[in-house]
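**Student:** Please read through the structure below; I'll follow up with questions.
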């Protein structure tokens, strides 16, 4: 009797464990079935998610590129034309003064001042432009009608000319128009000025 009771107790325990396992399997199957119906479960492997619908691209307005109005001006040359080589002008060479029969060169005096001073004398000044020398003589000749008066003065070299010392002539008693000229003479040069008029008394 004791041995049977023990066997029955073990079989009941096995039956009880088998029923609990079956109930667990049934519950799991229901959960999977419900998950498949509601779509809340994980997506099947290899399934492709729905693609998003086409989206419209925002319109873009292309700004018109500015164009230059009128014809384009030609670009200025960056390199100026090379100037031509100008040939130097020939230097003017003054002709040498002519030489007289006595071998002296021409040197013409110029009267720079001629006037009666009102005290019975007349003053005459002159220069010789062609020469620069010392040692010459300036001879002043005054003619008033038939009367002739003369005075000789020394000449000296200036910076660029030869200057006659002021010549004073005695014109006491002479009246009316008179004419004077100056003759220059040196060992190397000689010449006579053009006549110049002056009024006496």
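**Student:** Expressed in nm to one decimal, what extension gain is obtained for the pair residue 199 and residue 157 from 0.36 nm per residue of sequence separation less their Cα-Cα distance?
**Tutor:** My answer for the length gained is 12.1 nm.
**Student:** Which order do 200, 117 fall in if you start with the one that has the fewest other Cβ atoms within 10 Å?
**Tutor:** Working: 200 19, 117 11.
Listed from fewest to most nearby Cβ atoms, that is 117, 200.
**Student:** Hey, what does the equivalent ellipsoid look like for segment 111-160, semi-axes from the Cα gyration tensor as sqrt of 5 times each eigenvalue, largest first, whole Å?
**Tutor:** Values for segment 111-160, descending: 24, 12, 9 Å.
**Student:** Residue 102 label point, 7 Å along Cα→Cβ, cut-off 18 Å on backbone N: hits in segment 177-193?
**Tutor:** Zone members listed by number: 182-193.
**Student:** Give the order of 186, 197 when sorted by the count of other beta carbons within 10 angstrom, beginning with the fewest.
**Tutor:** 197, 186
**Student:** Treat the count of other C-beta atoms within 10 Å as a stand-in for reagent exposure and order 199, 183 from fewest to most.
**Tutor:** Listing 199, 183 from fewest to most nearby Cβ atoms yields 199, 183.
**Student:** Still on this structure, please answer the following. Please pull out the direction-averaged projected area of segment 105-200, using the convex hull of its alpha-carbon atoms, in nm² to one decimal place.
**Tutor:** Projected area, direction-averaged: 5.5 nm².
**Student:** Taking only C-alpha pairs under 8 Å that are 6+ residues apart, what is the relative contact order of segment 105-200 in percent?
**Tutor:** Result for segment 105-200 is 34 percent.
**Student:** Please list 121-129, 108-116 highest first by mean number of surrounding beta-carbon atoms within 10 Å per residue.
**Tutor:** 121-129, 108-116
**Student:** Using a 10 Å cut-off on Cβ atoms, rank the peptides 134-142, 149-157 from the highest mean neighbour count down.
**Tutor:** The densest-packed peptide leads the list: 134-142, 149-157.
Each value in this text was obtained by applying a stated rule to the coordinates, not by laboratory testing. Not measured: the values here are computed from a predicted model. Positions of Cβ are backbone-derived with ideal geometry, glycine not excepted, and every protein chain shown enters the neighbour counts.
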